[in-house]
1. Please work out the Kirkwood hydrodynamic radius for the range A:53-131, using every pair of different C-alpha atoms, and report it in angstroms with one decimal place.
2. Please compute the average number of Cβ atoms from other chains found within 10 Å of each residue's Cβ in peptide B:307-314.
3. Show me, for the range A:89-98, the HN-Hα J-couplings you get by feeding each phi into the Karplus relation (A = 6.51, B = -1.76, C = 1.60, θ = phi - 60°), rounded to Hz, glycine and proline as x.
4. If I require 20 Å or longer along the helix axis, counting alpha carbons, and a Kyte-Doolittle average no lower than 1.0, what helices from chain B are left? Use full DSSP H segments.
5. Give me, ordered by chain and number, the residues 5 or more places off A:Ala18 or on other chains with an amide H under 5 Å from its own placed amide H.
6. Under 8 Å for C-alpha pairs, at least 6 residues apart: give me the relative contact order for chain B, rounded to a whole percent.
7. Would you mind getting the Kirkwood hydrodynamic radius of chain B from its Cα pairs, rounded to one decimal in Å?
8. Pick out which of A:Glu179, A:Glu95, A:Glu199 has the largest mean-square fluctuation in a Gaussian network model of chain A, springs linking Cα atoms closer than 10 Å.
Amino acid sequence: MSTLIVRNLGKTFRNVSAVNGLDLELRPGEIFVLLGPNGAGKTTTLKMIAGLVHPSEGDIIIKGINLNEHPIAAKAHIGYVPDEPFIYNKLTGREFINFIAGIYRIEKDHFEERMAAYFKRLGIGEWIDEFSEKYSHGMKQKVIMCQLFLHNPDLILIDEPLVGLDPKTSKTVREIFFELRDQGKTLFICTHTLSFAREIASRLGIISEGVLKFTGDLDALSTISGSRDIEEIYLKLTEESTTADR
Amino acid sequence: MKEFWLLLRSHIKTVITSITTMGAFRFISFVFVIACFLLGSYYLFFRIFTYLLSVEMIGPGLTDRLIEMSFFVFFTMLLFSNVITSFSTFYNDKELDFLFSLPVKPTSVYLVKLIENYLYASWATMILAIPLVIAYGVTTRAPLLYFPFSLLGVLIFPLIPAALASMFIFSLLRLFPRLQARDIILLSLGLIMALTFLYMKITNPGLLKLFETENERELLLFASNLTTIGGSYVPSTWLSNILRGLSTAHMSGFFYSALLFVVSLAATILAYLVAKLLYVQSWLLIGEHVARRRFKRSLLSFHSARPTRTFLMKDVLIFVREPTQWVQLSMFTILLIVYIFSLRRTPMYFTFPLWRTIVSFANFAYISFVIATFGVRFIYPAVSLERAGIWLLGSSPLSFRKIIAMKYLSNLFLAVVIIEALLIFSNVVIRTDNSVFFIMPIIALFVAASLVSINLGFGSRFPHFNEDNPSKIAAGSGGIIAALASITYVGISLIILAAPAYNYLASEYFNRPVNYPVIYSALAVFVFLNILTIGIPLKIASRSLVYADF
């Protein structure tokens, strides 16, 4: 069964179309990376799938459950990491993790040891019992990443995962993503970092002005664009759409 | 100075943009509420002054004392509110990282922040002081010159506490950069209370003596014979002298205007020089001394796999750890305790059963308004305080309906505890008769349920997810609309309940027959009103979150 099916998805903000007629199907064990310039509609698409923005049209089906009709059941399969990580200032990282575990009805025995291992792996063990108001952007991002492993979601939605992370943690995060993929999870990642996209994606999508211009793997992308350089392909596809619109 | 004007202009532009983009409904409601408040306060002060000035012999003196006392309370409150807001304005504002990275003089940044702090800490006082000053001028038939001068005095007056607070906080943090917001608030609260007490003890010891009398005239004479409340060195006395002098075209009015202006200017210049010496240094030092407090055990450590319990624990923890919340709740509680004690100290009203009953109805009205204020300050920001974390709740399997239900029930519990405790204690003090004593707490349950719902409803309809200061959230246009709705609800409820209350008084003390149809229909209308005021705002709250785009 497909983890995610998106049909004719669209969002209009005050007569301005942010996303238009987006179709997509993601299978288990797939890492889908959505690329696009600023304001192309990447975050809006991700937020619609996370249930944070209401689509103007179209359907989102997560593990066979229609998000619009059964939001609570569908959201139980999602893990979401926003581009600006947020933790309540007056909670420590550990308290935040406990809070999320409570919201998802997870017993302490089921996550405490596992979380301790992730804290260590991501290098936040030293800070985890301090107020998050003292955390850097990167540290917050790491704690938010940890909460993904609490409820074992089938579909993981991540907006700009590498922002604020040091090179060592970026490498660890990449390794974790591959592990999740190998466990059969589906990852939907939005990013600007082309090298990261090339390295990690099973499939790429390029969105420009709210329209999904391309989906496929790097080989398919090279075939239609006549280049192996992802940067060149990206610029060509996004510029083409801008020129055509003019 | 060019840099200062440039920074100030960009701040003013931001304010103008936020006003012009707030939407017609919100803007009209905002203007309407402010206008209603100003007119209502003006009318109230006008009636008070008209009555007091008509009292033979002691009227004018008593009026002056009342004004002087009000300004003295304003001054003390302004000092405290400026210290509280100074820390967040001068040190905790994220904008400062950007401003200090610009090639501008730190003193320009200071001046812009001083104005911001002055406005934010003083607007509420000004809104209360302006109708007071105008009402006094109209009642005393003051010459035309009185109005511009006295209003200017009201605008200048809060500059002194703003400048003093910034000097205090710069010196404190330069010496002790490890201090946290909580320590500063507690320290300044203690210091201001101690200094005020000490100052009063030295300048006006008679005022602090407990005065008990059964005789109204004796009490009024005592009040009017007090020489000054704050003493001649306090700006609040100068402001009241401006009002008194200008209303009679006496030269002292101009003298005190000039004095207030010169001292405000001197305080600002002195604060500017202190800022030049200490501001950047202390700001940098605070950044170096990042306090590392560890919390290995807390409410959330006792983990529960029940979302409702977890959510409530989170709210309690955040509330307890946020100094601006609990300090204001403590001040609120202290003021209410003072109120109950003040009822105890004025037993002359409670001699006759009729008066006792009338006072207990007035007390009920007062407590309802108190809970309305509590709702706007503490319940209205509840949804906004989820801040950017709303994404987390929105993408979790916890429905917004459930979140609203949890917030409603936890806040209702708090509101019921406060309203019932206040009612029961005050009615014991007043010695209210039995039937009123038992009926009022039941009615109070409806009042609490509606006020919590109204504030939660508007708080969800007009959320401020980018703001982390609950006072600023409550002071926004949405908060003011919620305040109007709460006050309107209390007003309508009191009008409806006035019919059975009057009927009860008439039958109990004037031997008139009880009109049961009137009592039952009024109570039915009251219950119906409450079904609407509980149900509709809660529906709005859920719908606002369910259909919002985050």
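The values are calculated or read from the model by the stated rules, or taken from the named source; none is laboratory data. Note that the coordinates shown come from a computational prediction; the quantities given were computed from them, not determined experimentally. Ideal geometry is used to build each Cβ from the backbone, glycine not excepted, and the neighbour counts take in all protein chains shown. Heads up: the accessible areas ignore ligands, DNA and RNA and are worked out on the full protein's heavy atoms, side chains in. Shrake-Rupley method; radii C 1.70, N 1.55, O 1.52, S 1.80 Å.
1. For the range A:53-131, the Kirkwood estimate is 15.0 Å.
2. Rounded to a whole number, the mean comes out at 4.
3. 3, 8, 10, 7, x, 5, 4, 4, 4, 4
4. B:24-54, B:59-87, B:106-139, B:159-175, B:181-203, B:251-288, B:323-344, B:353-374, B:400-430, B:434-461, B:477-509, B:516-546
5. A:Lys11, A:Thr12, A:Phe13
6. With pairs under 8 Å counted, the relative contact order is 15 percent.
7. Across chain B, the inverse of the average 1/r is 26.1 Å.
8. A:Glu199
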